[in-house]
Amino acid sequence: MPSAQEQAQWLRMLWGGFWSSRIIITANNLQIFDHLTEPKDAPALAELIKSDPRATEVLLHALVALQLLKKHQGRFRNASLSTRFLVSGTPHYQGDILKHADNLWNSWSQLDNVVKTGKPASKTTFDHHAFIMGMHNIAHLVAPEVVRSIGMQGVAKAMDLGGGPGTYAMEMRRQGAASVTHFDLPDTTNVAKRLTKQAGIDGILFKSGDVLQDKLGAGYDLVLLSQLIHAFSAEQTQMIFEKVCQALRPGGRVVVQDFALNPNLTSPTQGALFSVNMLVNTPGGRCYPAQEIRALLKQAGFVRASSRMAAGNSLTIAFRPHTRS
Ligand SMILES: C[S@@+](CC[C@H](N)C(=O)[O-])C[C@H]1O[C@@H](n2cnc3c(N)ncnc32)[C@H](O)[C@@H]1O
């Protein structure tokens, strides 16, 4: 049994987690990491970001404590973590997902009421562009490995359903899919079109629509649903799976990628906590254990469902039967 002191420390770390969270979100909003690629003292930085010098210095010291900055002879500059992930325009940039964290900050602040009422947080200001670019920040780190694990050999016609920024659609094309249809809501399609153009990747068709309402098309060899079903209830998910089954050619594959979650719904921590994120932000969404995803796929008409891990996420694969029984 840990001592009372040790337990109290763990407790403090839990309730105080929002301090470090808010500090990094604010530093990102104020573009502090973009300005500290070269060392600067607090007044010089405050002048650049138009902030109060005393307050800026307090924030900078906390960022050093969090190992996001270094301080030398009164001047501050990015530590390696910030250099790699938080400077705009760098290959592994994560600043957009931090902007999206500010979206989540607003909805999560309503958690008491969400739990009492069972209803999602009421709408606050929401930066949709940060959400979708944030998805790109995350996906581009893992998409090559995930798509390699899925395998693109023989894939002539694929769909990236709820494709968001199009990171997976682009990677499927890079790894040999002859054509990929990106399907998402209209606001998101615009972001994906821009990113695809910037990357100079052709062979991606864009369909704007609502997966709950609109037709997906037909004859696909492969449909990928990456980080999509957690936005929906089990009933909606099964309805989506039925639609996907109809959209595939006989023998075609569906691939569902999402956070890993054990059947007990309590681990890994990321999956269990992400369910709270969906509770707060959607009427019926949550994380699904692979076992439940396989059961929903079978009920929707799929066969040979199996699950495995790829790049830290859970992948479930199933097939449309050649003949309907
Ligand atoms: C968490 S993002 C995942 C994006 C991408 N698949 C990935 O893994 O990076 C979920 C995506 O689903 C889209 N989406 C949510 N509801 C949708 C709906 N009803 N119809 C179509 N797309 C939807 C969102 O616009 C968003 O792009």
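The values are calculated or read from the model by the stated rules, or taken from the named source; none is laboratory data. Predicted model only: the values in this text are computed from it and were never measured. Cβ atoms come from the backbone with ideal geometry, glycine included; neighbour counts cover every protein chain shown.
Structure above, values below:
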quantity: Whichever residue in segment 235-257 is buried (at least 17 other Cβ atoms within 10 Å of the Cβ) and in contact with an Asp or Glu (Cβ under 8 Å, 6 or more places away or on another chain) and, among such residues, is farthest from Phe131 (Cα to Cα); calculated: Gly252
quantity: Helices (runs of 4 or more DSSP H) enclosed by segment 26-102 - at least 1 residues per element that are polar (S, T, N, Q) and loosely packed, with under 14 Cβ neighbours inside 10 Å; calculated: 80-85
quantity: Matching residues, segment 180-201, being polar (S, T, N, Q) and either within 9 Å of the ligand (Cβ to nearest atom) or not in a strand (DSSP E or B) (or both); calculated: Thr188, Thr189, Asn190, Thr196, Gln198
quantity: Single condition Val256 does not satisfy, out of (1) within 14 Å of the ligand (Cβ to nearest atom); (2) more than 20 Å from Ala158 (Cβ to Cβ); calculated: (2)
quantity: In segment 103-135, residue nearest to the ligand (Cβ to nearest atom) [restricted to those that are of a type in the set (Phe, Trp, Tyr) and assigned to a helix (DSSP H, G or I)]; calculated: Phe131
quantity: Qualifying residue in segment 8-18 (condition: in contact with a helix residue (DSSP H, G or I) (Cβ under 9 Å, 6 or more places away or on another chain) and not acidic (Asp, Glu)); calculated: yes
quantity: Every residue from segment 270-317 that is more than 29 Å from Pro120 (Cα to Cα), free of Cβ contacts under 8 Å to residues at least 60 places away in the same chain and either assigned to a helix (DSSP H, G or I) or among the hydrophobic types (A, V, I, L, M, F, W, C) (or both); calculated: Lys298, Val303, Ala305, Met309
quantity: Positions within segment 161-179 being assigned to a helix (DSSP H, G or I) and away from the ligand (no atom under 13 Å from the Cβ), in sequence order; calculated: Arg173, Arg174
quantity: Qualifying residue in segment 203-222 (condition: within 22 Å of the chain's Cα centre (by Cα) and either assigned to a helix (DSSP H, G or I) or not assigned by TED's automatic domain parsing to the domain that holds Met309 (or both)); calculated: no
quantity: Qualifying position, being within 15 Å of the ligand (Cβ to nearest atom), in the same structural domain as Leu224 (by TED's automatic domain parsing) and under 15 Å from the mean Cα position of the chain (by Cα), among Ala158, Ala139; calculated: Ala139
quantity: Residue within segment 258-269 that is hydroxyl-bearing (Ser, Thr, Tyr), surrounded by 14 or more Cβ atoms within 10 Å (Cβ to Cβ) and either modelled with pLDDT of 95 or more or not in a helix (DSSP H, G or I) (or both) present; calculated: no
quantity: Qualifying residue in segment 55-62 (condition: over 21 Å from Thr90 (Cα atoms), polar (S, T, N, Q) and in contact (Cβ under 8 Å) with a residue 12 or more places away in the chain); calculated: yes
quantity: Counted residues, segment 120-175 - those being of a type in the set (S, T, N, Q) and either touching a Pro at 6+ places or on another chain (Cβ under 7 Å) or surrounded by 19 or more Cβ atoms within 10 Å (Cβ to Cβ) (or both); calculated: 2
quantity: Some residue of segment 243-250 being charged (D, E, K, R), part of a loop (DSSP other than H, G, I, E, B), within 15 Å of the ligand (Cβ to nearest atom) and at pLDDT 95 or above; calculated: no
